[in-house]
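Everything below concerns the one structure shown next.
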Amino acid sequence: MGMKVGDSGGAVCDMNMIPLIDVLLVLLIIFMVITPLTPRGLEALIPQPPPPDAQQTTADDRTVVIIINKDATMALNTEPVSAERLGERLLDVFKTRAERVCFVKGDPDLEFQHVARAIDIAKGAQMDKVGLMTAKMEAGE
């Protein structure tokens, strides 16, 4: 706080704004640095239903789906596969494909740790994108 003694008859007190501005700038910088450090979850795509007027294509046979049953057993499309062998099986399937996209479909009563494990295995098998399939998406809603 500064104080002026002038010839106008009395003492005048003015607040010194410089330290206040310095403190505000330091707080602003701290908040700008802390904000990008928020944790993020697993990146996943949700398949979008086709438009109502679109025709069905034969791309369904190229879709790769990792199915996780209620008892945590896995299947690649319809072929049963163990969690240990899933990574190398995915590498075999995607050897000749340019687009490395697969989907994970888990039982609704299944704990998410099994789905996260399948996503992790797929990312380890060099998948570009891993999507999640839900019952509503499968029904086209």
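Values quoted throughout were computed directly from the atomic coordinates according to the rules given, and no laboratory measurement underlies them. All of these numbers come straight from a predicted model, not from anything done at the bench. We place every Cβ from the backbone using ideal geometry, glycine too, and count neighbours over all the protein chains shown.
Taking the Cα-to-Cβ direction at ALA11 and at ASP53 and moving 7 Å from each Cα, how far apart do the two end points lie in nm? Between ALA11 and ASP53, the label points sit 8.2 nm apart. Here the label points at PHE31 and VAL93, each 7 Å from Cα along the C-beta direction, are separated by 4.7 nm in the simple model. Computed about its Cα centre, the charge dipole of segment 60-139 is approximately 260 debye, with only Lys, Arg, Asp and Glu carrying charge at their Cβ.
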